[in-house]
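These notes concern the structure reproduced below.
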Amino acid sequence: MSEFTGSCHCGEISYTVNAEPLRQVNCHCENCRKTSGGPYLASVFVPEDSVQIKGAPKEYQHLADSGNQMTKKFCGNCGAQMFSLGSGRPGIVSIRGGTIDDLEMIQPTINVFISSKIPSTPLDNSLVTFEKMPS
Ligand SMILES: [Zn+2]
Ligand SMILES: [Zn+2]
């Protein structure tokens, strides 16, 4: 079984995942842009029970356009966004790709919410694109 690790910038929160990613997505939605501070977010979905977290992330909750309740977990010290859970995907957690240590394992296959992408953000045209989030 594969394993990968990651941490926030200051190191107060770290994690180990004991599973292959279920899906990897570059998300250009406004929620991801505004919470991450980046032009888009590389999101790596894994089973929640495969993630072991060291440290105690803070939580922020909001409603997605879909009506799902979203819970974002972030480092209360350095502010790095680490994880996101949605009521529409129970048992699955999105790991914020920028926190992963092994850069080679970040291999997104789709771009989602390109309807709200920043016009100047370049797109990898080898990826499948979706206007919104496919189910
Ligand atoms: Zn931190
Ligand atoms: Zn998003």
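Every number in this text was worked out from the coordinates using simple rules, so none of it is lab data. Here the structure is a predicted model, which is why all the values come from computation and not from measurement. Glycine gets a Cβ as well: all are built from the backbone with ideal geometry, and neighbour counts include every protein chain shown.
Across the chain, the fraction of Cα-Cα pairs farther apart than 21 Å, rounded to a whole number, is 37%.
Converting phi to 3J(HN,Hα) with the Karplus coefficients 6.51, -1.76 and 1.60 and the offset θ = phi - 60°, region 101-118 yields 6, 8, 5, 5, 7, 7, 10, x, 10, 9, 9, 10, 6, 5, 4, 10, 6, 5 Hz in sequence order, with x at every glycine or proline. On the beta carbon distance between HIS9 and GLU30, with R0 = 22 Å, the FRET formula returns roughly 0.40. Looking at region 4-129 alone, DSSP beta bridges between its own residues are antiparallel in about 85 percent of cases. Close amide-amide hydrogen proximity is noted between CYS78 and CYS10, each under 5 Å apart and 5 or more residues distant or on a separate chain (H modeled in the peptide plane; Pro and chain starts excluded). Each label was represented as a point 7 Å from its Cα along the Cα-to-Cβ direction; for ALA19 and ILE118 these points are 3.2 nm apart.
Take the Cα of LYS132, step 7 Å toward its Cβ, do the same at LYS54, and the gap between the two points is 4.1 nm.
Of interest is the spacing of the C-alpha centroids, which for region 58-90 and region 11-32 amounts to 11 Å.
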